[in-house]
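The values are calculated or read from the model by the stated rules, or taken from the named source; none is laboratory data. Keep in mind that this is a model prediction, so the values were computed, not measured. Cβ placement follows ideal geometry from the backbone for every residue including glycine, while neighbour counts extend to all protein chains displayed.
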Amino acid sequence: MHLLSFILLAVVSLVSVTYVNGLAVMSVDLGSESMKIGIVSPGVPMEIVLNKESKRKTPAVVSFRDNVRTFGEDAQTIGIRFPKNSYSYLIDLLAKEINHPVVKLYQSRFPYYKIVEDTQRGTILFQHDEDTFYSPEELIAQLLSRAKEFAEHSAQQPIKECVLTVPGYFNQAERKALLQAAQLANLKVLQLINDYTAVALNYGIFRIKDFNETTQYVMFYDMGASSTSATIVSYQTIKTKERGYLETHPQLSIIGVGYDRTLGGLEIQLRLRDYLAKKFNEMKKTSNDVFKNPRAMAKLFKEAGRLKNVLSANTDHFAQIEGLLDDIDFKLRVTREELEEICQDLFDRVGAPVEQALKMAGLSTEVLNQVVLFGAGTRVPKVQEKLQKIAGQELAKNINTDEAATMGAVYKAADLSTGFQVKKFITKDGVIFPIQVIFERESEGAIKQVKRILFGLMNPYPQKKIITFNKHTHDFTFNVNYAEFDHLPQNEILNLGALNLTVISLEGVADAINKNKGDNIESKGIKAHFSLDESGVLKLINVELVVEKTVPPEAEKEEEEGPFSKLGSTISKLFTGETEPEKPVHETPEEKPEEAAEAPEEKEPVEKPVNETTKKNETATPPKNATEKESAKDAKPKVVTLKEPIKAAEKILYIDKLNKKQLDESYKKLEKLTTIDRELNRRATALNNLESFVIDAQNKLYEDEFTQAATEEEIEKIRTACSTISDWLYEDGSDADADTYESKLNDLRLLTRDLYGRVFEHRERPEALNALRSMLNGSNHFLESAKNLTKSTNPEKDIFTDVEIEMLQKVINETQDWMDKMVEDQEKIKKSEPVKLTVKLISEKMAMLDREVKYLVNKLKIWKPKKTEKPKEDKNKTTDTGKEEQKASEGSGEKAEGEDKEKVEETVENPEVETEDDDDDDSVKTDDTSDDSHTEL
């Protein structure tokens, strides 16, 4: 019984954990220019989270100024005045060296940032001031923390789990860096999902009914702020048998990807910014060069973004900035043709990702069912013109270009979380950077380098792979690198950075081989197990030596029963009641072979009646014991697989992750900023509350409602206190801390408490008295009806006792007398004097009266009339007697009929058995169908 109790406790604990963890989950589409946040919470379907300005997307910008940290649009405003204090377009800087082409491009675009090398990791740092440095991971972590705050405010509960979108071209170093940024933001990442996969999932979940076994091909073209991608996706339904029976589910597979890491709306905006700056210099209204003024360039950058958006819908527009440089205003008419001319080379690159994706998928544009646009950059008319010419069909605009990735990612988050249940939609991503294993082995006296593809181009993932080393007998090392990149242009290969990923050193190989040597042992090699998980991150699972041991039948020995096997056997015997005789356990030197079946001992034959059928069966079928003996003689040797773990040390060759010490330092730095923000928010809230209370109190003192409820002395005292605090706020109190503001607010509340209390009583008393009068009226009506339901007045409906009726009458009379007296006493005193008849006292009297009435009402509800038994007939009466009774009853037929009718009506009025059964059935159905641990979407 102790064992059963332990098992039941374990099951209950598991269910409890599943329910507790079923909280809200979020997704963040973190782009280089803005971020969008999705959320799923219990009872609320997928939705976009609004920021504090009630907007659906937030600029991915963080700024620091005067020890104050700001985000979003506030940070953008600071960035115009102090550009080097505002950090944006950060996502592409993750896991980059100081000399990386992307870092060089970033410095040329935004020359006012001071970027230095992180000597410990080989990455970059933003130098904010002499003593403060920020890594891209730390800045992105702050953005994710802000997104978490918005989501928690929307869900009204804590959020710990999320799904993040990443550009599909992110390599291993970039993906791991983003995971660490989320770790710094105290977020558990359920999955990193490629942005185009999230878009494809969002597209598919609303078109599930359109998919069947026939494959449909859709291309998604995404031009964002800093990059462009073209992705070919196949949709179809497949059959799976994961739960023991065939199920049909929709599936999307990424079969072709093309991208341009530096083509996007940002580059168009920068071209337009530089064009406007050049035109301003040509005006020669000042001798200063606008290119050398960071603040002026920041103003031009903002105006270029606005102008780019307007020219997407209009053929021309004016760019205008007040006080651009040296207090000189700038105004210039710009046409769409001029924009297309200065960006001609960019528009020529629009088709390259499409061609790359088609080549990778091995398809042509004729088989594409749709070409779907995504990303703000696809709104540019010239981009659509180029795409339509390449695709040879109308471009589809049937998804939300800003929010599709966010909604697809939050659907995946709900699917991966433990608290929600969604319709299954299988996603298969594809490898765009092949990974190979390189090792050396001796061949004909020479060292030969061998390359083996581990994850090939467009291999679906998540997936696990095993590579086997057959020729190595001593410790050795092998490399895991990126494979050939014939499908990528040369500039994209350079953008990948280091092509060597890890070096894996194996130790104890010779010892493991020697330990598993023997005449009947065959080595199957050293096997290294790898996985490419849902986030696209490569992991070494384990390395082991695998051998096969041949065990002859006569040498087979029973495998020693482990503790879990014993536990299972014990439970089985506990429920079945079976017992078996103990068998001897044979020890083996090192490894135990699999358990071998033994022939049972011979038993004496049992005599049976002989007939024709029995003779026939005995002739056709040999004796059981004889068959088993022959089978034991002809048994083949058993092959047992043995595994010996090999110690593997992995050394990262690309950008190192943040180690524990660096993580702790970053945590402390971010926590310090969070503490400052929290204190600043508290101070601002306290100041705002104090100012509001002072102004509100001063205004109320001029209202009749308050002047009548206060004495002259009291009014003067409050006015003086409010005036004193108001003057202090605009003089010495402007720099006070939150504690001071809160203390003065408490003093002011204490001073006005009595006055505000009297005003409240005078305002709410009439409504409370009306409610009490209404209750008294209803109680009196009920009392009159209840008096007819006592034994003395109505014996057939003996519901209430005389004592209960008298008690209710007493409570009603006492309440009525109390109300009349208190109202009279209250009207005799001034409104400025302490209140005698308070709302609280009235509520207490109402509660007392309600309690008495409810008691009797409940008693009336549960009362059931006594059933009347029918007189039993005497079956021994003769036929003649029956005829005489029939004649006697003919004279009183109407009376008998009336009695029967009364009995029928009484039965219909009180169907107590049927009602109780119905209630029980409903409660059972509710319990069976309820599921607190899941929310159906």
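What's the number of the only condition in (1) in contact (Cβ under 8 Å) with a residue 40 or more places away in the chain; (2) crowded, with 17+ Cβ neighbours inside 10 Å; (3) aliphatic (A, V, I, L, M) that Ala75 fails to meet?
Evaluating Ala75 over (1) in contact (Cβ under 8 Å) with a residue 40 or more places away in the chain; (2) crowded, with 17+ Cβ neighbours inside 10 Å; (3) aliphatic (A, V, I, L, M) leaves (1) as the failure.
Using beta carbons and a limit of 8 Å, which pairs, at least six apart or on different chains, have the first residue in the range 703-727 and under 22 Å from Glu764 (Cβ atoms) and the second one part of a helix (DSSP H, G or I) and of a type in the set (Asp, Glu)?
Glu714/Asp754
Mind counting the residues in the range 83-110 that are in contact (Cβ under 8 Å) with a residue 24 or more places away in the chain and either part of a loop (DSSP other than H, G, I, E, B) or not hydrophobic (A, V, I, L, M, F, W, C) (or both)? Give the steps one after another, and end with the answer.
Initial filter on the range 83-110 (in contact (Cβ under 8 Å) with a residue 24 or more places away in the chain): 83-98, 100-102, 105, 109-110.
From what's left, either part of a loop (DSSP other than H, G, I, E, B) or not hydrophobic (A, V, I, L, M, F, W, C) (or both): 83-90, 92, 94-98, 100-101, 109-110.
Counting residues in the range 83-110 that are in contact (Cβ under 8 Å) with a residue 24 or more places away in the chain and either part of a loop (DSSP other than H, G, I, E, B) or not hydrophobic (A, V, I, L, M, F, W, C) (or both) gives 18.
Answer with yes or no whether Arg121 is of a type outside the set (Val, Ile, Thr), outside any loop (DSSP other than H, G, I, E, B), surrounded by fewer than 24 Cβ atoms within 10 Å (Cβ to Cβ) and assigned by TED's automatic domain parsing to the domain that holds Gln172. Write out each step before concluding.
Working: of a type outside the set (Val, Ile, Thr): yes; outside any loop (DSSP other than H, G, I, E, B): no; surrounded by fewer than 24 Cβ atoms within 10 Å (Cβ to Cβ): yes; assigned by TED's automatic domain parsing to the domain that holds Gln172: yes.
For Arg121, the condition - of a type outside the set (Val, Ile, Thr), outside any loop (DSSP other than H, G, I, E, B), surrounded by fewer than 24 Cβ atoms within 10 Å (Cβ to Cβ) and assigned by TED's automatic domain parsing to the domain that holds Gln172 - is not met.
So which residues in the range 676-714 are crowded, with 17+ Cβ neighbours inside 10 Å and among the aliphatic types (A, V, I, L, M), if there are any at all?
Residues satisfying the conditions are Ala686, Leu687, Leu690, Val694, Ala697, Leu701, Ala709, Ala710.
For Val218, indicate whether it is surrounded by 19 or more Cβ atoms within 10 Å (Cβ to Cβ), within 19 Å of the chain's Cα centre (by Cα), in the same structural domain as Glu137 (by TED's automatic domain parsing) and touching a residue at least 40 places away in the same chain (Cβ under 8 Å). Can you show your working first?
On the way: surrounded by 19 or more Cβ atoms within 10 Å (Cβ to Cβ): yes; within 19 Å of the chain's Cα centre (by Cα): no; in the same structural domain as Glu137 (by TED's automatic domain parsing): yes; touching a residue at least 40 places away in the same chain (Cβ under 8 Å): yes.
When the stated conditions are applied, Val218 does not pass them.
Can you tell me which condition Arg333 does not meet? The list is (1) surrounded by fewer than 18 Cβ atoms within 10 Å (Cβ to Cβ); (2) within 30 Å of Ala277 (Cβ to Cβ); (3) assigned by TED's automatic domain parsing to the domain that holds Pro59, and all the others hold.
All conditions pass for Arg333, except number (3).
Suppose we keep only residues that are more than 34 Å from the chain's Cα centre (by Cα) and part of a helix (DSSP H, G or I) within the range 359-379. Which one would you say is surrounded by the fewest Cβ atoms within 10 Å (Cβ to Cβ)?
Glu366
Mind listing whichever residues of the range 649-678 are over 28 Å from the mean Cα position of the chain (by Cα) and among the basic types (Lys, Arg)?
Scanning the range 649-678 gives Lys651, Lys661.
Regarding Ile48, is this residue in contact with a Gly (Cβ under 8 Å, 6 or more places away or on another chain) and within 22 Å of Gly305 (Cα to Cα)?
It is false that Ile48 is in contact with a Gly (Cβ under 8 Å, 6 or more places away or on another chain) and within 22 Å of Gly305 (Cα to Cα).
Looking only at the range 795-832, filter to residues that are hydroxyl-bearing (Ser, Thr, Tyr) and in contact (Cβ under 8 Å) with a residue 24 or more places away in the chain; which one of those is nearest to Lys866 (Cα to Cα)? Spell out how you get there, then give the answer.
Here is the first cut: in the range 795-832, the residues hydroxyl-bearing (Ser, Thr, Tyr) are 801, 815, 832.
From what's left, in contact (Cβ under 8 Å) with a residue 24 or more places away in the chain: 815, 832.
Values: Thr815: 36, Ser832: 61 Å.
Looking at the filtered set, the residue picked out is Thr815.
For Glu796, are the conditions met, namely being within 23 Å of Gln698 (Cα to Cα) and charged (D, E, K, R)?
Numbers: within 23 Å of Gln698 (Cα to Cα): no; charged (D, E, K, R): yes.
It is false that Glu796 is within 23 Å of Gln698 (Cα to Cα) and charged (D, E, K, R).
Quick check: anything in the range 182-204 of a type in the set (Val, Ile, Thr) and either in contact with a Phe, Trp or Tyr (Cβ under 7 Å, 6 or more places away or on another chain) or assigned to a loop (DSSP other than H, G, I, E, B) (or both)? Reasoning before the result, please.
Applying the first criterion (of a type in the set (Val, Ile, Thr)) to the range 182-204 yields 189, 193, 197, 199.
After this cut, where a residue has to be either in contact with a Phe, Trp or Tyr (Cβ under 7 Å, 6 or more places away or on another chain) or assigned to a loop (DSSP other than H, G, I, E, B) (or both) as well, the list is 199.
Taking every residue of the range 182-204 in turn, at least one turns out to be of a type in the set (Val, Ile, Thr) and either in contact with a Phe, Trp or Tyr (Cβ under 7 Å, 6 or more places away or on another chain) or assigned to a loop (DSSP other than H, G, I, E, B) (or both).
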